[in-house]
Amino acid sequence: MAKLLEVENLSISFTQYVQGLNRHDSRVISDLTIDVDESEIVAVLGSSGSGKSLLAHSILGILPYNSHVTGEIRYKGQTLDQDLKEKLRGDEICLIPQSVNFLDPLMKVSEQAIGECKDDAEHKERKVRQREIFARYGLDESVDNLYPFELSGGMARKVLLSTALIEDPDLLIADEPTPGLDKKSVEETISDIKNLKEHGKGVLLITHEIDAALKTADRIAIFYSGYVIEINDVKNFSSSETVLHPYTKALIDSLPRNGFKLTEGVQPLGEIPGCPYYENCPIRTDRCNKERPELEEHDGVMIRCFNFKEANDGA
Ligand SMILES: Nc1ncnc2c1ncn2[C@@H]1O[C@H](COP(=O)(O)OP(=O)(O)OP(=O)(O)O)[C@@H](O)[C@H]1O
Ligand code: NI
């Protein structure tokens, strides 16, 4: 079966001019490799500012002009270059954006959700679908004719969700789709995402909430300081003993039900030669400070660590 989405060694950096003179490059995503199969939900779990939205924006081809990108993205085996991104986005590949600023302030929300139509017949058909999806999210007919500024935050989120779902995309990139939603709508969203998967579609779910990832995903990619440090099956996240990376273990131990044992400090930024987790790592060695581990496969799990084996054997 062909992979739906393959991201290989993606790095994103920004060029900024400090005081108008000094050019400064800051790397936000480093050497990121991840894939999504048909009928699969892959969660990218990372803390705030770790570059998750930029990953989404690079897949959609909507990064800001001052960004610099290397690496490759393929969709259904084909290189996803800027032309193909523009052709497929909003159609085969849809984004549920994190920010409600993605709504067009000058357009009624129902028309944004319906999108461009080739004729009246198509508009009619999509209007029915729009109403049905809006209704599922508790947006009644009076909402259809509102403009974005007339919506509450939660309503705006629901409009963004509906807009992506109306397209019935083959690949959905959901960037933090649930914060600010009521409980019922969170459940509706999760069920809609799972429904896409049941219909053979792929979903990349971007989130900083481990519970959302655990409830929804088949695999979880752990993002730390711009690096993917582990990609593992959701079933292995039931205990810190069945995941491999020390950061993933710390994340699981930090869950309320496990008694908040998080040992982690701030995420390091800037260029470092060694492992991105070096400063906080309980199993680090000298090598980790000098050399950066690659993301490698170990029994079907992708892991970026020199020492996980010894640490697990000794446990
Ligand atoms: N246009 C830009 N120019 C320079 N730096 C940027 C730009 N856009 C984003 N960044 C930097 O990239 C980093 C990652 O941003 P991003 O929005 O992808 O993080 P995130 O993981 O989605 O965070 P959150 O969980 O808060 O949504 C930020 O810390 C920000 O400083
Ligand atoms: Ni984000």
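The values are calculated or read from the model by the stated rules, or taken from the named source; none is laboratory data. Predicted, not measured: the structure shown is a model, and the values here were computed from it. So basically every Cβ, Gly included, is an ideal-geometry build from the backbone, and we count neighbours across all protein chains shown. Side chains are part of the model used for accessible areas, which takes the heavy atoms of the whole protein and leaves out ligands, DNA and RNA. Shrake-Rupley method; radii C 1.70, N 1.55, O 1.52, S 1.80 Å.
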Placing +1 on each Lys and Arg Cβ and -1 on each Asp and Glu Cβ in the chain, then taking the dipole about the Cα centre, the residue among Ile133, Asn236, Gly49 whose Cα reaches farthest towards the positive end is Gly49
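Around Arg157, under 12 Å between beta carbons, what's the net of Lys plus Arg minus Asp minus Glu among the other residues? Write out the running numbers ahead of the final one.
On the way: positive: Lys158; negative: Asp175, Glu176, Asp182, Glu188.
Residues near Arg157 contribute -3 overall.
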Percent antiparallel among DSSP beta bridges confined to the chain, nearest 5, equals 60
With +1 at each Lys and Arg Cβ and -1 at each Asp and Glu Cβ, the charge dipole magnitude of the range 142-253 around its Cα centre, to the nearest 20 debye, comes out at 180
Here, Tyr65 and Leu106, labelled 7 Å along Cα→Cβ, have an inter-label distance in nm of 2.0
Rounded to the nearest 10 Å², the accessible area of Lys108 using a 1.4 Å probe with every protein chain kept is 70
Of the listed pairs Lys127/Lys197; Lys118/Lys183; Lys158/Lys249; Lys87/Lys290; Lys184/Lys235, those with alpha carbons more than 32 Å apart are Lys118/Lys183; Lys158/Lys249; Lys87/Lys290
Pseudo-spin-label distance Glu291 to Ala311, built 7 Å along Cα→Cβ, given in nm, is 1.8
Row for the range 165-307, column shape: gyration tensor on C-alpha, a ≥ b ≥ c, rounded if a/c < 1.5 i.e. under 1.5, prolate if a/b over b/c, else oblate; value prolate
For Thr189 the rounded accessible area (nearest 10 Å², probe 1.4 Å, non-protein molecules ignored) is 0
Under a 1.4 Å probe, counting only protein heavy atoms, Thr70 has an accessible area in Å², nearest 10, of 60
Quick calc, the chain, dipole around Cα centre from Cβ unit charges on Lys, Arg (+) and Asp, Glu (-), nearest 20 debye, gives 620
Once normalised by the length of the chain, the mean sequence separation of its alpha carbon contacts under 8 Å that are 6 or more apart gives a contact order in percent of 19
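Work out, step by step, the length gained on full extension between Asp253 and Lys215: first 0.36 nm times the residue separation, then minus their alpha carbon distance; give nm to one decimal.
Details: separation 38, 0.36 × 38 = 13.68 nm, distance 1.73 nm.
Stretched fully, the Asp253-Lys215 segment lengthens by 11.9 nm.
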Magnitude of the Cβ-charge dipole (Lys and Arg +1, Asp and Glu -1) of the range 116-193 about the Cα centre, nearest 20 debye, reported as 220
In whole angstrom, the spacing between the Cα centers of the range 5-53 and the range 95-116 equals 25
